[in-house]
Amino acid sequence: MAEEAPTKLARGLSKRHVTMIAIGGTIGTGLFLGAGSSISLTGPSILIVYLITGLFLYLMMRAIGELLYADPASNSFVGFVSKYVGPEAGYFVGWSYWVTLLLPAMAELTAIGQYVQYWFPGIPIWVTEILVIVMLTLVNLTAVRFFGEAEFWFASIKIIAILAIIVTGLVMVLTGFKTPGVHGGIVSFNNVFTHFEFFPKGTINFLMAFPMVFFAFVGIEFVGMMSAETQQPRAVMPRVINQVLFRILIFYVGALFIIMTIINWRYLPADQSPFVWVFKLVGLKWAAAAVNFVVLTAALSALNTLIYSAGRDVYALALENTGKWEKHFATLSMNAIPARAVLFSASLMLLTPVIHLLPFISSAFEFLASATSAITLVIYGLIMWAHRKYRQSADYLADGFKMPGYKVTSPLTMLFFVFIFGTLFLDQTNMIAALGGLVWIIGFGWLAARKFKA
């Protein structure tokens, strides 16, 4: 007699896995490559931007955590939007979120091909892209614990690199290390605080730092897709989410503070990785290769999680909606994996090499990838709205994992997302992306509303 496929996702993710996946979702390649760019915008006050942005994203995660605690069997936060805001809103969030996963996945895949060429310049980028997407798709098609294990080690490499730069900086401070060169000097905490200004390069640059920092954190919500596959979710999820603020302080604020302690921020190149600079200062000749390896693993980690999340998102949408199309993706493999949804998403990511061969499509792809920034803000806003509606529903658990100071922090968090959307219009590139996002929001929002009205 043939064994029947399971009907529920398997709880194969341990606390160790979920903790590292949450960290991996918070730390992207932007920290290793783009730290110089963010510091150059507004100097030491970038730390304040990270703290403010981190605080509001922590509050959003507490809202997601409260929803997950109330319904730990939920397949994703899409279900909460459908349940508490409306099926059309859930449909809009589900497919919009899938787009915001698919396009960055293609961008990460392109970056991986370029990083690999650092060591193997003779291998065409498209060959690397195909091999990587096949490898990570296979990881995602096996038991979920293998995905969790892969993410555990990817995240570990990123954490070790950040802790290495923090420890290196502290040793330099304690030993009175003097950096060479025209702009060199004693490594000291005074390098951060001396002549401190909130707006050393003007108010506009300070405000422009907010969207850059905000989108460095995008991916923090990935943990909200994993509740149905986590062991003891009501015990694990609150602990993991409560650590978000601590991770932000250590990994972002701590690393940037140490970088500005070692190197005077006014002479820090915006287009170079400060991690490479710091490791070269201590005599690490292969610093560029080491950082390239860390960035490669960060990109692999991001792509791995994007494949996972895209598959779960399509599966959640299939369970939410009826129809031939949805029914096809509403099944699980013998390993309790939404294999059809994973393969569907991964196969579209395989179009990356083709997209970059066609100039017109390539430019459109870059535009759409940038436009996902604005779409993400609307998705976050609808998640917060779903949380508000949950608080007013009969499902509300008075003794649950509650968002702190909900009556004040909930509207403030939504206002912060509006503020971030507004800052996109301060820069021409971001403004074009925001307008592109608005086109999607209005166009697809109208189609979703029409579908459910019918």
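Quick notes
- Here region 376-396 is the region considered, the condition is being closer than 15 Å to Ala89 by Cβ and basic (Lys, Arg), and the residue that is surrounded by the fewest Cβ atoms within 10 Å (Cβ to Cβ) is Lys389.
- Output for region 174-202, where each listed residue is among the aliphatic types (A, V, I, L, M) and either surrounded by fewer than 17 Cβ atoms within 10 Å (Cβ to Cβ) or not in a helix (DSSP H, G or I) (or both): Leu174, Val182, Ile186, Val187
- For region 206-246, the set of residues classified as buried (at least 22 other Cβ atoms within 10 Å of the Cβ) and either among the basic types (Lys, Arg) or in a loop (DSSP other than H, G, I, E, B) (or both) consists of Phe217, Gly219, Met226, listed by residue number.
- Residue list for region 95-146, restricted to those being at pLDDT below 90, under 28 Å from Ile379 (Cβ atoms) and hydroxyl-bearing (Ser, Thr, Tyr): Thr110
- Scanning region 416-430 for residues that are among the aliphatic types (A, V, I, L, M) and under 21 Å from the mean Cα position of the chain (by Cα) gives Val418, Ile420, Leu424.
- Among (1) within 19 Å of Ile27 (Cα to Cα); (2) more than 23 Å from the chain's Cα centre (by Cα); (3) of a type in the set (Ser, Thr, Tyr), the one test that Tyr252 misses: (2)
- Residue count for region 333-356, restricted to those that are touching a residue at least 60 places away in the same chain (Cβ under 8 Å), in a helix (DSSP H, G or I) and more than 14 Å from Ala316 (Cα to Cα): 8
- Set side by side, the residues Thr230, Thr194 differ, and just one is over 19 Å from the mean Cα position of the chain (by Cα), polar (S, T, N, Q) and under 22 Å from Thr42 (Cα atoms), which is Thr194.
- Every listed requirement among (1) farther than 15 Å from Ala155 by Cα; (2) part of a helix (DSSP H, G or I) is met by Gly283 save one, (2).
- Filter result (under 16 Å from Ala288 (Cα atoms), part of a helix (DSSP H, G or I) and without any contact (Cβ under 8 Å) to a residue 60 or more places away in the chain) within region 105-134: Gln114
- Test set (1) surrounded by fewer than 20 Cβ atoms within 10 Å (Cβ to Cβ); (2) within 27 Å of Leu351 (Cβ to Cβ) - Arg16 fails condition number: (2)
- Given (1) among the aliphatic types (A, V, I, L, M); (2) free of Cβ contacts under 8 Å to residues at least 24 places away in the same chain; (3) within 26 Å of Ile52 (Cβ to Cβ), number of the condition Ile263 does not satisfy: (2)
- For region 397-413, the set of residues classified as surrounded by fewer than 20 Cβ atoms within 10 Å (Cβ to Cβ) and either within 21 Å of the chain's Cα centre (by Cα) or outside any helix (DSSP H, G or I) (or both) consists of Leu397, Ala398, Asp399, Gly400, Phe401, Lys402, Pro404, Gly405, listed by residue number.
- Ser333 being within 28 Å of Gly113 (Cβ to Cβ), modelled with pLDDT of 85 or more and surrounded by 14 or more Cβ atoms within 10 Å (Cβ to Cβ): no
- First in region 26-50 and outside any helix (DSSP H, G or I), second anywhere and at pLDDT below 85 and not hydroxyl-bearing (Ser, Thr, Tyr), Cβ under 7 Å, 6 or more apart: Ile27/Phe251; Gly28/Ala216; Gly28/Gly219
- The residue that is surrounded by the fewest Cβ atoms within 10 Å (Cβ to Cβ), counting only those in region 348-373 that are over 16 Å from Val99 (Cα atoms) and modelled with pLDDT of 80 or more, is Val354.
- Given (1) under 25 Å from the mean Cα position of the chain (by Cα); (2) hydrophobic (A, V, I, L, M, F, W, C); (3) surrounded by fewer than 23 Cβ atoms within 10 Å (Cβ to Cβ); (4) assigned to a helix (DSSP H, G or I), number of the condition Leu317 does not satisfy: (3)
- Qualifying residue in region 2-21 (condition: part of a loop (DSSP other than H, G, I, E, B) and without any contact (Cβ under 8 Å) to a residue 40 or more places away in the chain): yes
This table checks each residue for (1) surrounded by fewer than 16 Cβ atoms within 10 Å (Cβ to Cβ); (2) part of a loop (DSSP other than H, G, I, E, B); (3) touching a residue at least 40 places away in the same chain (Cβ under 8 Å).
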residue: Ile204; (1), (2), (3): yes, no, yes
residue: Tyr252; (1), (2), (3): no, no, yes
residue: Ile258; (1), (2), (3): no, no, yes
residue: Pro269; (1), (2), (3): yes, yes, yes
residue: Ala289; (1), (2), (3): yes, no, yes
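The values are calculated or read from the model by the stated rules, or taken from the named source; none is laboratory data. The model shown is predicted, which means the values in this text are computed figures rather than measured ones. Please note: Cβ atoms are built from the backbone with ideal geometry, for glycine as well, and neighbour counts cover all protein chains shown.
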